[in-house]
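Just so it is clear, none of the values below were taken in a lab; they were calculated from the coordinates. Values in this document were obtained by computation on a predicted structure and should not be read as measured data. Methodologically, a virtual Cβ is constructed for each residue, glycine included, from the backbone with ideal geometry; neighbour enumeration extends over all protein chains shown.
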Amino acid sequence: MSCSLCNKFDDVDGACRRCTSQVRSHLSQLPDLSHEAANFIAPGRSGAGTATERSIGVNVTALDCAMGIDTIRILHSWESVVRSERQLTPPAFISPVGDGLVASVSFHLTHLDWSLCQGWAPDFAREIFQLNARGRAATQQFQEQVRRIPCPTDDCNKFVVIDVENLHEEVECRNCRQRWTILRLVALAMNNPNKAFFLDVEAIGLWLGMTKRAVYSIIKNHNISRRGNLYDLGAIVKTRSA
């Protein structure tokens, strides 16, 4: 069998675990992105509006995201498909903001495994990714950097790309061909005193289950080593444990 989204071989029906996790994550973020976009409606807030946006005094991208009209329209259209094909109660009118958006997202999360087994799954996933990308653009959350940690194998000096939102995913070093889950890889790397590694604050927060504010507090109060906008994860873990 192959994944319905990335076409890679997998032993499950529909989408593979990685693709399912990505769609679930992007879908779950939509209400928060819509809520946060309200803080970026004024162009001066981010310093990044276009000339047209400044002329009317509004960041149109953020306004559209905050109102959620296009988001709920797309989600509602897919909800209608799911309800029809699963013979569920037809959807009533859903408000474009507030609880209406949350309710539609909750509906799709509930039926996500089924949805990703359908022939239209690639189109559904693509639109979810597009909605999330618009929300990130509206709230100035651009494409995150690739996260890498040094391979823990003693005689290997390469880095391994990781996704901190999928800690049980297996990754492979392209140089030495060793494989680990991300959980195991990070544990091994942190126990190697010769290989400190650095991650951004968001990734550290996800890994340790902390808010970004809490991570910044540790960094500020304990003089944690940094490289640009990356910080020593091992030092933060040791500080928190102490």
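Only the Cβ atoms of Lys and Arg (+1) and of Asp and Glu (-1) were treated as charged; on that basis the dipole of the stretch 147-241 about its Cα centre amounts to roughly 300 debye.
The length gained by stretching the chain between Q178 and S106 to full extension, at 0.36 nm per residue less their Cα-Cα distance, is 22.0 nm. What the phi angles of the stretch 70-80 give under the Karplus curve with 6.51, -1.76 and 1.60, with θ = phi - 60°, is a coupling list of 5, 4, 5, 4, 5, 4, 5, 5, 6, 4, 4 Hz, glycine and proline written as x.
The modelled label-to-label distance for the pair V161/V237, using points 7 Å beyond Cα in the direction of Cβ, is 2.3 nm.
Translational diffusion of the stretch 147-241, estimated by Stokes-Einstein from the Kirkwood radius over alpha carbon pairs at 4 °C in a medium of 1.567 mPa s, is 95 µm² per second.
Residues whose amide H lies under 5 Å from that of R147, counting only those 5 or more places away or on a different chain, are I162; hydrogens are built 1.01 Å from N in the peptide plane. Sorting 181-189, 217-225, 130-138 by their mean Cβ neighbour count within 10 Å, with the most densely packed peptide first, gives 130-138, 181-189, 217-225.
Of the trypsin sites (Lys or Arg not before Pro) found in the stretch 3-34, those that fall in a DSSP loop while having at most 13 other beta-carbon atoms within 10 Å are K8.
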